[in-house]
Amino acid sequence: MRTIAVINQKGGVGKTTVTLNLSHALALQGYRVLAIDADPQGHLSMAFGLEDPAGLDRVLQDGARLQDAFSEAGNGLQIVAAGDQLQEVENLNEGGAERGWRLKKALDALEQPFDFVLIDCPPSAGLLGMNAIIAADEMLIPVAGDFLALNGLSRLMRILQGVEARLGSTRKKWIVLSRFVEQRRHAREVRERIREHFAEALLPTTIRETVVLAESPSFGQTIFEYQPRHRAAGDFQQLAADLVAAGAPTTTRPTAAHA
């Protein structure tokens, strides 16, 4: 099971858009996928059209089983909504260091593992973000094509290295260029800077900026439901292929039972 935190402390870089559409793209390729909304804003939950007020909040606060919070989205894709009380997790005072391990323990307790778990992280380094980092064995970092996003990437890498040093373990890190406008010279310059400093982490596929990616969540749909023939759907299909290839040979191919 590959557990991937979709993370960036800078807002507006497309974390939720990537989690939403990448999880569906992987499911359409036959993988069993679990998408977890770990952001109290609940944007991923809303984008999937979920209205259940309970979800990850009860798992992290009350010790509820993760599978009891599943919502079926079809194609082997399960969703865990954020829940109305998820913000309260940041205020937990009891439990000491154990508070940061609750999501990992919940995932480890799953009766049937998934091929992929994608965690949509909040734009902060609080307790929820720490739960996601500890639970994940890989980090997927969406980066928009602007200078502030590039600066934020460097800062995030330093933070992750510090956390890994304290945990005594490292995580694979992948970068995806999101909300990218090829026609902008500055965006192309940012891409070259990332290639220069993080070449091994940069995934080949770029998610291009387009209005349909902003529109689809308002209908509670992924791009594959809203505009399946749009180029954005193709971008996410290829990004899913990139991610599968990046994890080979540890990622097994889907079987007929998964489809």
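Quick look at the values:
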quantity: Residues of the stretch 26-46 satisfying the condition of being small (Gly, Ala, Ser) and closer than 17 Å to residue 239 by Cα; calculated: 27, 30, 35
quantity: Odd one out for residue 1, checked against (1) under 10 Å from residue 120 (Cα atoms); (2) touching a Pro at 6+ places or on another chain (Cβ under 7 Å); (3) of a type in the set (A, V, I, L, M); calculated: (1)
quantity: Long-range neighbours under 6 Å by Cβ, at least six apart or interchain, first residue part of a helix (DSSP H, G or I) within the stretch 153-168, second of a type in the set (Phe, Trp, Tyr) and at pLDDT 85 or above; calculated: none
quantity: Scope the stretch 195-212; condition part of a helix (DSSP H, G or I) and under 20 Å from the mean Cα position of the chain (by Cα); matching residues; calculated: 198, 212
quantity: Yes/no for residue 203 being within 20 Å of residue 16 (Cα to Cα) and of a type outside the set (Ser, Thr, Tyr); calculated: yes
quantity: Sole residue being under 28 Å from residue 201 (Cβ atoms), touching a Pro at 6+ places or on another chain (Cβ under 9 Å), surrounded by 14 or more Cβ atoms within 10 Å (Cβ to Cβ) and not small (Gly, Ala, Ser), chosen from 118, 107; calculated: 107
quantity: Test for residue 177: is it part of a helix (DSSP H, G or I) and not basic (Lys, Arg); calculated: no
quantity: The stretch 62-77 residues that are free of Cβ contacts under 8 Å to residues at least 60 places away in the same chain, paired with ones that are among the polar types (S, T, N, Q) and surrounded by 14 or more Cβ atoms within 10 Å (Cβ to Cβ) (beta carbon under 8 Å, 6 or more apart); calculated: 70/78; 71/78; 72/78; 77/23
quantity: Hits in the stretch 42-78 (condition: in contact with a Ser or Thr (Cβ under 8 Å, 6 or more places away or on another chain) and either buried (at least 22 other Cβ atoms within 10 Å of the Cβ) or closer than 22 Å to residue 215 by Cβ (or both)); calculated: 43, 44, 47, 48, 50, 55, 77
quantity: In the stretch 12-41, the residues that are over 16 Å from residue 73 (Cα atoms) and over 13 Å from the mean Cα position of the chain (by Cα); calculated: 12, 40, 41
quantity: Any hit, the stretch 109-123, residues being among the aromatic types (Phe, Trp, Tyr) and over 21 Å from residue 139 (Cβ atoms); calculated: no
quantity: Given (1) in contact with a strand residue (DSSP E or B) (Cβ under 7 Å, 6 or more places away or on another chain); (2) more than 16 Å from residue 84 (Cβ to Cβ); (3) of a type outside the set (S, T, N, Q), index of the condition residue 44 fails; calculated: (2)
quantity: Subset tally (residues that are modelled with pLDDT under 85 and closer than 24 Å to residue 134 by Cα) for the stretch 158-187; calculated: 0
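The values are calculated or read from the model by the stated rules, or taken from the named source; none is laboratory data. The structure displayed is predicted, hence computed values, not measured ones. Methodologically, a virtual Cβ is constructed for each residue, glycine included, from the backbone with ideal geometry; neighbour enumeration extends over all protein chains shown.
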